[in-house]
1. Quick check: anything in the range 2-21 in a loop (DSSP other than H, G, I, E, B), more than 17 Å from Glu123 (Cα to Cα) and of a type in the set (A, V, I, L, M)?
2. Which condition does Glu54 not pass, out of (1) among the acidic types (Asp, Glu); (2) modelled with pLDDT of 95 or more; (3) over 22 Å from Met1 (Cα atoms), if it passes all the others?
3. Condition first: closer than 13 Å to Tyr96 by Cα, of a type outside the set (S, T, N, Q) and out of contact with any Lys or Arg (no Cβ under 8 Å at 6 or more places or on another chain). Now tell me which residues in the range 60-75 satisfy that.
4. Identify all residues within the range 126-136 that are modelled with pLDDT under 95 and either in contact with a Lys or Arg (Cβ under 7 Å, 6 or more places away or on another chain) or surrounded by 16 or more Cβ atoms within 10 Å (Cβ to Cβ) (or both); write none if there are none.
5. If you take the residues of the range 105-120 that are crowded, with 19+ Cβ neighbours inside 10 Å and in contact with a strand residue (DSSP E or B) (Cβ under 6 Å, 6 or more places away or on another chain), which of them is farthest from Thr39 (Cα to Cα)?
6. Regarding the range 58-69, can at least one residue be identified that is closer than 25 Å to Asn130 by Cα and either β-branched (Val, Ile, Thr) or modelled with pLDDT of 95 or more (or both)?
7. Please indicate, with yes or no, whether at least one residue in the range 75-93 is in contact (Cβ under 8 Å) with a residue 40 or more places away in the chain and either buried (at least 16 other Cβ atoms within 10 Å of the Cβ) or touching a His at 6+ places or on another chain (Cβ under 9 Å) (or both).
8. Has the range 29-51 got at least one residue that is charged (D, E, K, R) and touching a residue at least 40 places away in the same chain (Cβ under 8 Å)?
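The values are calculated or read from the model by the stated rules, or taken from the named source; none is laboratory data. Predicted model only: the values in this text are computed from it and were never measured. Positions of Cβ are backbone-derived with ideal geometry, glycine not excepted, and every protein chain shown enters the neighbour counts.
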Amino acid sequence: MEIQINSLNQLQQAAKTYLAHLEDQKLHCFYAEMGTGKTTFINELCKQLGVTTETSSPTYSIVNEYASNKGQTIYHIDLYRINTIEEAIELGIEDYINNNSFCFIEWPEVIEALLPLPYVKTEISLIENNQRLISANLTGGN
């Protein structure tokens, strides 16, 4: 699946489309360069899933936990500051990725060996005129 975003005005619809195509998948890994909008997109996904509290980047806290108005738990994880798989294990990453709650992970490269299949691999690319291309594919699924 590919979604092109030409402006922030299209972010809400892009998140709705993304979730409609991947509604049964709970684990989402985001691959993108710094500044391409991973956190912004994930924050919008949380809103679309029913999070009514303010969302923010977990760069320093590493994990933000949200509750949706539907009683779901949603984790937003930023592994940018994690350097080894051992650090991630000490953080308890396996509990987050294996508990069947929505889990959105930025910078997942360090934990790829731990990721249960299937998961959604989402790439965000910056294209001309500040447009973004979001490509999402199921990894290891049927």
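1. no
2. With (1) among the acidic types (Asp, Glu); (2) modelled with pLDDT of 95 or more; (3) over 22 Å from Met1 (Cα atoms) applied to Glu54, the lone miss is (2).
3. Val63, Glu65, Tyr66, Ile74, Tyr75
4. Leu126
5. Ranking the qualifying residues of the range 105-120, first place goes to Tyr119.
6. Within the range 58-69 (the criterion being closer than 25 Å to Asn130 by Cα and either β-branched (Val, Ile, Thr) or modelled with pLDDT of 95 or more (or both)), the answer is yes, since at least one residue qualifies.
7. Looking through the range 75-93, none of the residues is in contact (Cβ under 8 Å) with a residue 40 or more places away in the chain and either buried (at least 16 other Cβ atoms within 10 Å of the Cβ) or touching a His at 6+ places or on another chain (Cβ under 9 Å) (or both).
8. yes
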